[in-house]
Amino acid sequence: MKWFLVLGIVACLLFAGVVWAEEDEDPVAPNISEIIPEGLTDAEKAIVENALNQVGPEYSTNHMAPSIPSAQCIEENGAWAEVTGGGAWSCNQDPCVSIYVKASVAQWFKLCLSGTTIQWYVLKPGVYELPRGMKIFGVLLSNGDVTLSFNGFENLRKKNDSGYTNDKIATRYKYEELFYNSGWLMPSQLNQFTRPVNMWFAPLVHCFWLANKIETSWFTPACEYEDPNGATICVTLDEQKGWLES
């Protein structure tokens, strides 16, 4: 019976130690090598690794602040804080005052692109497509779900001194991931295309490519052509906090 009692006490102490250790254990971030997706080229892996190493407040490209007047800046583009609920306690017993520490974490993102301008130099009529190594490669990092969208894409139009003419070059785009692609899309179709991204499925790192091809014919005039107004890739932060303002 004594042995059962001793074993019971030892088991309780061990359980208490495990619970204490679990409660006081800091979360451990995975190694960068563990979250870089398979199937990337060395150059693409280098872009992902560089992105993962540059996510701190010092790499912010805009200035953000909470729309909470009493919050004070702790580190610019990093964190703000407020302390509330002060008071005074006076009695004839040993007092206990509850202290609460809370954190509301905003959604952040980082988008890296291998390029933003595609320039073709066409010598003869034909259909020309960018190879894998020249497609626009994108790396998206975030701590919440996002949605990618595309706007303003058009067929390339002939440019002259007075503006743009109706002469066009047929232009197609294809959105690609490691295990998905949209198929070739006309510019108007790409403008209607959206891609929800579950960052916890990725996890945290989402890689994509934007492929491009053009088609010229024997009646395509020799001239300069471009997308008249340019185009944009937009990221919507689906889990952003309401207290954040620009």
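Please treat every number below as a calculation from the coordinates, not as lab data. Since we're looking at a predicted model, the values are computed, not measured. Cβ sites come from the backbone with ideal geometry, for glycine too, and all protein chains shown count toward neighbours.
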> Assuming R0 = 41 Å, what is the FRET efficiency of GLU25 and SER90, from their Cβ-Cβ distance, to the nearest 0.05?
Replying inline: 0.60
> How would you rank CYS234, CYS112, going from fewest to most other Cβ atoms within 10 Å of each one's own Cβ?
Replying inline: CYS234, CYS112
> Which residue fluctuates the most in the chain, going by a Gaussian network model with Cα springs under 10 Å, if the choices are ASN198, ASN151, ASN160?
Replying inline: ASN160
> Among GLU226, GLU129, GLU75, which one moves the most in a GNM of the chain with springs linking Cα atoms closer than 10 Å?
Replying inline: GLU75
> Calculated FRET efficiency, VAL97 and ALA71, Cβ-Cβ r, R0 25 Å, to nearest 0.05?
Replying inline: 0.60
> Between Rg and the Kirkwood Rh of region 97-221, both from Cα atoms, what is the Rg to Rh ratio?
Replying inline: 1.15
> Can you give the convex hull volume per residue for the Cα atoms of the chain, as a whole number of Å³?
Replying inline: 214 Å³
>> If I model a spin label at THR116 and ASN143 as a point 7 Å from the Cα along the Cα→Cβ vector, what separation in nanometres do I get?
In response: 2.6 nm
> Tilt of helix 42-52 relative to the longest C-alpha principal axis of the chain, in degrees (0 to 90, nearest 10)?
Replying inline: 50 degrees
> Pick from GLY152, GLY230, GLY86: which is most flexible by mean-square fluctuation in a GNM of the chain where alpha carbon atoms under 10 Å apart are linked?
Replying inline: GLY86
